[in-house]
Structure formats: C-alpha cells, structure tokens
1. Enumerate the amide H contacts of D:Met7 below 5 Å, restricted to partners 5 or more residues apart or on another chain; note that Pro and chain-start residues carry no placed amide H.
2. Can you find, among A:Ala325, A:Ala310, A:Gly263, the residue sitting farthest towards the positive end of the charge dipole of the stretch A:217-353, where Lys and Arg contribute +1 and Asp and Glu -1 at Cβ?
3. For B:Glu50 and D:Lys154, what does the FRET efficiency come to when R0 = 41 Å and r is the distance between their Cβ atoms, rounded to the nearest 0.05?
4. If all Cα-Cα distances of the stretch D:259-342 are sorted into 10 Å bins from 0 onward, what percent lands in each bin, rounded to whole numbers?
5. By its C-alpha gyration tensor, with a ≥ b ≥ c as the square roots of the eigenvalues, how is the stretch B:208-353 shaped: rounded for a/c under 1.5, else prolate for a/b larger than b/c, else oblate?
6. With +1 assigned to the C-beta of every Lys and Arg and -1 to the C-beta of every Asp and Glu, and no other charges, what is the dipole magnitude of the protein assembly as shown about the Cα centre in debye, to the nearest 20?
7. List, shortest first and in nm to one decimal, how far the label point of D:Glu200 (7 Å from Cα along Cα→Cβ) is from its counterparts in the other copies.
8. At a Förster distance of 60 Å, what's the computed FRET efficiency of A:Phe123 paired with C:Asp314, Cβ-Cβ distance as r, to 0.05?
There are 4 protein chains.
Amino acid sequence: MAPKKIMRVAVAGLGRMGKRHVTNFHTLSPSSRVVAVTSPVQAELDWAAEYIDGVETYLDFEELLEKAQVDVVVVSSITDGHARQTIAAIKKGLHVMCEKPLSLDKSIATSVVVAYEESKKTFRKQKVMCGFSRRFDAPYREAKERLDANEMGKPVVFRSQTADLFDDSSYFTEYAKTSGGIFLDCSIHCIDLMNWFYGEDAKIKSIQAVGVAACHPSLMECGDRDNAIGLIEFYDNRIAQLYCTRMMAAGQEDTTEIICERGSMRINMYGQKNFVEVHDSHGARRKLPKHYYERFREAFATEANEFIAACINDTAVPITLTSSARAVAIGSALMRSLVTGEKILVDKKTQVI
Amino acid sequence: MAPKKIMRVAVAGLGRMGKRHVTNFHTLSPSSRVVAVTSPVQAELDWAAEYIDGVETYLDFEELLEKAQVDVVVVSSITDGHARQTIAAIKKGLHVMCEKPLSLDKSIATSVVVAYEESKKTFRKQKVMCGFSRRFDAPYREAKERLDANEMGKPVVFRSQTADLFDDSSYFTEYAKTSGGIFLDCSIHCIDLMNWFYGEDAKIKSIQAVGVAACHPSLMECGDRDNAIGLIEFYDNRIAQLYCTRMMAAGQEDTTEIICERGSMRINMYGQKNFVEVHDSHGARRKLPKHYYERFREAFATEANEFIAACINDTAVPITLTSSARAVAIGSALMRSLVTGEKILVDKKTQVI
Amino acid sequence: MAPKKIMRVAVAGLGRMGKRHVTNFHTLSPSSRVVAVTSPVQAELDWAAEYIDGVETYLDFEELLEKAQVDVVVVSSITDGHARQTIAAIKKGLHVMCEKPLSLDKSIATSVVVAYEESKKTFRKQKVMCGFSRRFDAPYREAKERLDANEMGKPVVFRSQTADLFDDSSYFTEYAKTSGGIFLDCSIHCIDLMNWFYGEDAKIKSIQAVGVAACHPSLMECGDRDNAIGLIEFYDNRIAQLYCTRMMAAGQEDTTEIICERGSMRINMYGQKNFVEVHDSHGARRKLPKHYYERFREAFATEANEFIAACINDTAVPITLTSSARAVAIGSALMRSLVTGEKILVDKKTQVI
Amino acid sequence: MAPKKIMRVAVAGLGRMGKRHVTNFHTLSPSSRVVAVTSPVQAELDWAAEYIDGVETYLDFEELLEKAQVDVVVVSSITDGHARQTIAAIKKGLHVMCEKPLSLDKSIATSVVVAYEESKKTFRKQKVMCGFSRRFDAPYREAKERLDANEMGKPVVFRSQTADLFDDSSYFTEYAKTSGGIFLDCSIHCIDLMNWFYGEDAKIKSIQAVGVAACHPSLMECGDRDNAIGLIEFYDNRIAQLYCTRMMAAGQEDTTEIICERGSMRINMYGQKNFVEVHDSHGARRKLPKHYYERFREAFATEANEFIAACINDTAVPITLTSSARAVAIGSALMRSLVTGEKILVDKKTQVI
C-alpha cells in the first residue's frame, strides 16, 4: 500500500538505541520521517544532522516540544527521563513511543498511565506505547498465535531468561548503578512476555527471588546481582520462572519456554547468530548473537512500522500502557525479594504488588 | 582384563527396574552373576527362573538373606522397602546397591547411613551405594571432568530438570500416591547432580518451591503436584533451580545447565531419541526418548559394572551414602515448601534441613 | 551517513520478484527511489501506481527507456527478456541490475558481457551486475571471509544444493517449460557460489550429471528433471557437487558445505524458519522456510543498497558480469550432460564449456 | 528369554576390530562364548588368554579350524584374508560372520557366495554373513522401517557419506596401500546401505566418480584419493550419490539422506559425540564422534547378538551374501571410474558391473 500519510517523528535521546530508532523511523518505516531530534550531547545532534538533511536539532527536550512541528515523539533518553518526557509529550497531545521501562519506580510508571488516561479525554486518537521489542519478533508472535489457537492447551509453566554477554568495561559498572537492578534492567522483557502469554489480568499470588554477584561483586553494594532467578505464582494455577544473567561467555542467550498441558514451545533455544556451522578441531560450533540488537533488529523495525501504522489508522497499539506499568511493579517486587530474601504475597483482589 | 573373580548377586524386587538390574548384573556385567532373586510376586520369580537357569527364587526377602550364598544385594523393591532391606543386608555384611531414593523419610535415610557406618567397623571392605544412574552417564561425566579441570571457572548457577512424559494411566495415579511427591520422585536425580557438581559439603542457605497440579488435579489431595520449581540458595554465593514435571508431550526431557563464571555447559538440551530427522509436511522433526531408560540405559549398565568392580577391588564407590541421605533431606524440604509455601531457612553451621 | 545523492530507478517487470525489487529499491534503500516501472500487464502497473505516488508507468520497455529520466534499470522481467533489456539499457549508458540468469543461452549471456565492455569505453562509471542474492547473505559472506582468511586451508570439495518446496500447481508446470532446466533455474545460485568460493578463474576439467523426474514425470518431455546431481572436476585438484530438487516436502532447503584441508563449513544445514521449536506428540519440530524469499529476504535488500552504493560511489560491484556469463555456460553444460548422459571434458586452456 | 543354548565362537584376527568382536561375542552376547582365537601375533593371543580364562589360542588359522570345537567363526583378519578364511570355514560347515568387505576383488567375493551356496546343500542350517554394522544401528533401522511403511513415498535420491577423521600417522599411509581404495574402504558401508534402502535387485544403469588427493597426495601413486564422490544411476528412475573422505577435522561424520517423493530422512546429520554442549568464547559447540566405533559401538553388539540368534534359531541373517558381493563389485567400479575418468555403463539385463 502506498505510504500516503507521513508521520513527523521527533527522537529524544540519541544514544545507541536512539540512533537505531532514528534509522528505523526515518529509513525503514516508509510512513514516517524523523524531522527533529533532541539530546544533551552536541556530538549526537551533529550525527543526526549529518544523517538527515534538514533535521531540527535541540539540546533541550522542552524546547523541541515547544517549537518542533511533530506528530510522534520517540523517547529513548536515559531511563530516568522516560516518564517525565513521556508525560510532557502526552500533555501536548502527541503520540509517544517510550523505550522500556517506563520508569524504575512503580508509582512513577503508574503516573504515566494516569496522564495518558487523562489526556485521551481530549486527544481521543492519541497513542502511547512502551516499546517492548520482543512483542514484534516473528518467533514470539508465532508462539502467541499457537497459544491463542489453543494448539496445546492452557500454558501452566512459563520460563524465560534474558542472558547478556559478559561485559567487563567500566561503562557497564557505571551503567549498572542506575539501571534499577537486574530484574528491571534485563528481565523486564521476560516480565512483559509473561504478561502477554498469561494475560495481563492474571492474578499474581506470590513473588520470590534469589541471586548472586559472581563476576561483578561490586554490584552487591548497589543492591544488585549479576545472576538472579525469580519465581512467580498465580492464583489460577500457573507458575513462572525468570532467569537473568550478565555473565554469558558465548553471546546473548534470550530464551523462553512455554509449557502447556499438551505440548510446549521453546523459543531461541537453538540460537545461532547466522546459519554457519564450523567444523574443526574445536568440534562443531556456531556463533551466538552478541547483543540483543543482533537478534532482535528486525523486531525493532517492525515495532516502528506498526506503531506508526496505529497512529495513522487510529488502531490499538499492541501493548497496553497498563501492562507496562504492571511490569515495572513486578520487576520492583522481584528486586525487593532478591535483596531482602522476603517472599512477597500478593492479595488476590487488590493485586497491589 | 579377564573377569577372574565373579560376584554373586541377589536382586530384591523384580518390577520394571528390577528386571533391568537382573539383565545388567547378569548379562552385561562380566564380573557378576545373578544367583538369587526375591519378589512377592510369583510371576516375577517365574520370569527370573526362565531368564537364568538355576537361579534361586524367594517370595520372602528375609529368607533369601538367610539362605542364599551371595556377595551383593541389589535392592530395587518398592521405595518403601528400600531402607529396611538395605539395612538388613548391611547387617549381614553384604555389599548393597539400593535404588534411589534411600527412603522418602530423611530420618530413615539417615538411619541407613548410621547402619553402614556401624557395619563397616566389622566389614571393612563392605560397599553400600544408592544408585543414582546419571552419575554413570557419559555426558554428565564429561561435564564433571570439565568442571573439575576448571575450564570455565566456578559454577554459580545450576539448573536441572526431570521432565517425564505425560502418563494418563491409572497405574500412574496409584503410583503417585506413594511416590513421596514430585521432588522426591523426579527431582531426586537433579538434587544428586547438584550435590555432585557443587560438592556435597556446600552449605545450603534457603529452600523454596512453587508448583501446580495442571493435568493431574487429584495430586493436590495427596499433597503433590505435576509441575514444580524449587530454588536453593547456598552460603557460598551459588544458586540452584530445579524443575520437575510429569506433563511432557513429546518425551522425556531431562536437561541440566551449569553456568560458570567463564562459560556454561548444557546437557541433553538438544535431545534426540536417535539420529533420525524426518522432513515432511510437519516440518523438520526428531523423536525424543520416551522414558528415562531409553536415554540412560547405558548408564545403568555402567553403574552395575562399576559397582561390582568397586566390590571386587575394594575401591571407593562413586556416590557416598551421606550425599544420598542429604538428597532425601533436600527433597523433603522442597516438598514441605511446595505444600506450605514457606521459605525454609537453613542454619549455616548445623545444616539441619 | 546521510543519503545525499538519490539514484532514480526504473524497474522492468513487476511479477513477484519485480514487486519485491520495487519495495527494496524504493523503501528499503535510502539512496534510491523508484520513479518508473514497466510491465506488459496493466494490473501490475496499477499496483505500482498505488504503491508509489507519481511513479511513471509504461506498458512498453522501450518507451520507458526513451522517455523516463532514470539512472538505474532493474531488469526482473521473464528470463527470456533479461539479456535484450539489459543490453538496451547498457547502450543508453544506464546502470543495470539484472535478475539471474543473464540468459538461458550461453552465447546470449556472453553478448551481454560484450555489450557492457563496449559501452564502458564511453560510460566509464557504468555498473552492470547480475543479481545473485546469496552473495549478499550474511552467512555466505562469513563463510567467504573465513575462507579468505585461510582459517582452514584450501577448499577442495564444494557441495551445494538448491532444494525447492514441492509445487503441484499448473503454474509450476507451465513455468518449468521455459525455465531452461533445473540446473539453470535452480542450481545457477550454487554455480555462482562455486565461482565465488573457488575463484572464477579456476579451470574446469569435466562436467557430468544425472537426474530423475520423480514427481513431475512430464518434465522429461521438455528435457528437464525434478532431481539432478552434477559433478564438476577442476584442474587444480578440487571437485564440486551440485544437487537440485523441486520435491522438498518440508520447505526450502538450500544448503552449502565447503570442505577444506583443515576444517569445513556448513551453511544452512540446521535450517529454521524462525526460532520456535514445538514439542508435542509429533516429537520436537521446527518449521523450515517455505521459499527462497523467506530465507534470503534480507540479502535482497542488502543487494539493492550495495548496488546503489556502487553506482553512487563508482566502486566495483561485487559480482563480475563475466562470472555470471560463465555460470550460464556451466549450467548449460550440466543440462547437456543430464540429457545426453555424456561426460563433458573441458580443455584446460580454452576453457570452452 | 533365557540363553539356553550357547554358541561356541572362534575369532580369527585380533587387531582392533578383532578384540572388539571378542568382547561383543563373549561378554555382550549372552548366547555365545569365545572359546578359541587365532592371530599370527603372539601378543594378541596373550591378550585373549588374559581376557578369557581357558580360551584356546592358535597362531595358525587352519590349525584352529582343524582342532577347535566351535560352532561359529568370526573373521576379522586383514582384508586380504577375509575370503580365504571364510571359504575354509564354510567348507567345514561352520557359521561364519566375516568383517566387511568380503574381498577387494569382485571375483573373489563372488567365489565366497558360490562356496556358500554349494555348502548349504550339505549344511542346510549354515549361516554366513558379511558384517555391515550399520544395518544393526537403531537410527538406520528406524529409517528402513519408515521406508518400508511407505510413509513418504518411493525413495528417489540416496545420498550417503563416510567421512573419517584426518589421520596423519604413518600407520594410515601404510594401511591405505592395501585398503583397496577409498570407495572399497570407506564407501562400502554406504554402498551396502544403498543396496538395503533401494533393494538389492535394483538395476544399475551407470557409475561414475571423481576425486582428489588433497591431504595425502601420495595416495595418487597407489591409485587412491582422500576425497571422492560417486554417482550411480538406476534403471528405475533413482539416483545415488556417495561421498567419502579421509580429511575431516572435527570427527567422524557418517551421514545419510534418503529423499522420497513426499518427504526425506536425514540420519546422523546433527551428529554429537554425547549430549554435552559447551558455550564459551568459541561459541556454542559440541564434540563429534572421533571414530566409527564411538558412533556404532552398540550396533556391533547388536550384530553379534542377532547373528548368534540366527544361528541358534535357524532364521535368516539380515544381510544376504549376494548383496555383499555386489557391494564389492560396485565399489570396484567406482574405483575404476575414479582412476580412469570413464563413465561405466551397465547392461540392464546382465548387470555385469
């Protein structure tokens, strides 16, 4: 179909992921153009000006909001700024796609939901979505379709892991301090998938977690770990187990297993960077993706295209803001249990986590 | 080496596994012969008499102990009889290999250890071992060797599962009632592997578990589940996660993953019944083993051979009785947590579980 | 980098592959825009007019050449028209990317090379390339890089297959009649890869082939087969084996194996449509790609981008026209041997095939 | 079932494979005992005397035949002696299992068949079989059963390879001189499988082969190669392709693919030494079996058991002697084509190869 309507996009934050959003929304999404960017780093603005002829650049986010003529804001600034920028753009009536997580604080995450609900009374076609890329990944979608088609009965055990390549750089250590902790930084994707596969209204009964700081002992000081496992019980007779690690030696190993009454699905379990297998004196071996973007690059492009399509056509975005706020609350509870050792019980009715 | 000395073996219990022990000790272990068997079921004794010319058959275990001239007793009766028969044979000064678990009760399991320690004062060359077959499986052994060679640093996360094919027969439902619960029935192997890979003196800090009865809801009544996940924390900065299920649709999927500081090992993760892949309109597919014996058959034969060799040569058996009793205590604690929801804290020094 | 210069592209032929080229050159290649299309089918022109606002449409290729202001022509018409349209565009001094094969006739294929060499005397920056998509596929490129880095010594056995999903439609039967035969239709990719991996100046010594018409017996009538195997010997002590089939039940299985003195590489051997594995009563299974485009889609986009970049920057295209003409000659010889049963010997010096 | 009757076995030749036969027939086959052995090497006889109490040892094969009281002779001497010893034992009326190949010479191979046919007039229950171990391998058997059940239609392309680990020892170079050439030494198993899967009365139409001596150039001098590919055409519209190599870097890679009208089977394509996968900085890797015995050990034990059972019960052995002689003729023809470059045409009726 011809891209008749073009959405004007502003990208806020031009770090590694911000630059990728620029590419995806400007180049790989035929119905959108990036017309403005903002970053506190001049070099990043220069990069954008070089990449896109005539793009407007702003050192200040608020100035962009005030002056630039845009339809959509993509928020990919540091996590700490996600909620604030998202709320500001919401209030202007703009469509917003915000990088995950909405916030490291569940109250703040909830305040974004509230702001959006308020705003929609005025801007009835406004779309706001937190960008959980795996929801746009073809394998995960096939799994969801098979579940929805009830091919193998009710899912009763959900196991998912986010396993990052070991990073010994000082960058990582600095980054980790403000990451919110391993369950909010890494497992947030798995939590979102759990919400998706089990349904976001599934009632949680208990949350507990254990973990260790094996390769990054300094993480202990900021209440974090480099390996952790969480267990979540639901009132409707299901359980979930989430594993996260920052210690993988071979590459990124994000895997998910959905075990149903009459069959199971395993996603990414036989990971491969590409389709090359080398046979030599080391045996038969293949490479794994090094980073999430090597594995999920295409999902991000799909995400950009589908979000834009929802804005243009006024259709529902595939991820509700409520479920994204709930993901923050679940991640926070997992962190709390990880640090205190406490098993967190959740009231069936109030579901306050 | 020539099988110069032949050990005379009695097999107690001739159910499915008992018959297999008869084959392994009589046919596939050149240094042993099965000379006597006992079972309360006449038809099973008839089977043995047909299989082995001249084998002595006893309906009563005590009568066998009294009359038969044997060096070794293999206990593969119902779980409830394991400890009692093992202790009786120990007191006679015989070598004993007992099927797992030693008991469903940790005190009784400990009493077997005590009986053996007492007996060894008299019978200094006596061997007693609980048969955890996976310790004799080549892949698990390769993993242990790599760990011991410190190829990838200290192991910090141990994940293991025993996943049985769904069985809807009334046999299963009856059996389950006396199985001691899923962690004692299924995960006991994984617990033993954890003891092996982490060291049996690793100090446990906490134990917690969750589970569901999805396909066999009646299991709830006898305090059991058909899917359960356990988490174990150690004082020396390691964690373990055990999953067990009786609901697999494709076959037995017993897998183990050992995640170390600089690498990881996955055992059985790409399971295949044999080496045939079929490509047709269903896609590319392979069969999985249907039962543990399809996968571990060879390990059982190795177990028989190595146990006999230890008896003949007076060398150490590869599994200490203490660790097998500890496995029962851990399994019992997991069951307790599964049913009560309680997180069990373990004192660092006493290690009373 | 910013797409400063934009190449104006005409696409000739708007069948399945032509439409994909329109998408790739117009949408997924930021430095090119499709400004004109031609097809003898009005409905296809209508599709283009709908897809691209303001695109010029021509029922007649020559008219397009005469009137449209373009820099690049992409030829994806029926195979029979490839050479004629390519030569016409060459003579106009335009850059040309032509779908494989250049022709079903080796003399005609050679005439394209001659036309280009003549034209380049005038249009020194002109680029002409036959589009062999696998050269742009990341796995194949990694294999080539490993070879070039001499990681495993000289390659001595090259095995490659193009294996298509069985197609029982009358479309296929009609199509097959003019496809040039299975080695020219399917194996042409493998032949090109052989030229690439072995070097296009490797001297061929002999060519022989056998085949059967198992599922499409009517192919015999037009001198074709649905399964065929070719063997190629080189004077420098290497061999190649090419398998092609139109009878696969599970999906497209294009695989390549490069066996070197000290190691080997297998490409696509563990094919998977995506990363989902389903475990159910059929066993453990995965889907395979159904068609070449499911597997190589990304390579086609890379092809478009890189061809355009070579045109803009006046750099060499990655595939020489000579090697593409040679591929036609090799494919024709394989067909000849397939039909006559003759082993074709090739003179070392003249290399007339 | 009880091993009531015990066959007395003599093993002739105690090299690597001979010793394995001793183990299999004496230890792993409950219905047979090795009572006599012969070898020209005293140290090998000493090994046997140590392994089996009271075994008779002979430096001379004829003396064994004359003096030893045996029911079965297992011939595993050097290839050159296979036929002579087999015929001598046949004439004594003994059951004979002879290692593959029957001979390196097709006439001599045929003379074994003739001798057996003659002998059977007298010794009506006599069994003679050439030991092609893969026929006793569970995966190959499953493939055959699926074929026989017509699960996927008629098989039309058979591809099989015997791929040995590179061996740079002087042992190999010496051995190769008398091995009969790569098709007779390595591919003979694949030829036997082809006979089995296609039926031993399938009419061959042509045979051709090419090859190189890449890592062992000295093989050229004795008319041999270290990599070769053969093509075989059948009159009933099927083809076969056989690849053999002595240059594998990672391990033994014996694979087979059977492509049928409505599906295909791949055997050993995802080879693994055991079920361990290591993830480290080299990627995700597994070991392959180093030698055929690592992969097929169990098949050899099955072979021993089933051959003995056929002798005891007077049932047909699973491999006809005629097909084993035919395998020698096919292997010889492949060698001839490999050396001369000639395509060998075979008369449909006489089938003289």
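The values are calculated or read from the model by the stated rules, or taken from the named source; none is laboratory data. Quick caveat: nothing in here was measured; it's all calculated off a predicted structure. All Cβ positions, glycine included, derive from the backbone under ideal geometry; neighbour counts span all protein chains shown. Only protein heavy atoms, including side chains, enter the accessible area calculation; ligands, DNA and RNA are left aside. Shrake-Rupley method; radii C 1.70, N 1.55, O 1.52, S 1.80 Å.
1. D:Ser32, D:Arg33
2. Value computed over the given set: A:Gly263.
3. 0.40
4. The distribution over the stretch D:259-342 is 13, 20, 32, 25, 10, 1, given as percents.
5. oblate
6. On the way: 180 positive and 184 negative charges, 0 e Å.
Computed charge dipole of the protein assembly as shown: roughly 0 debye.
7. List, nearest first: 5.2, 5.5, 6.9 nm.
8. 0.75
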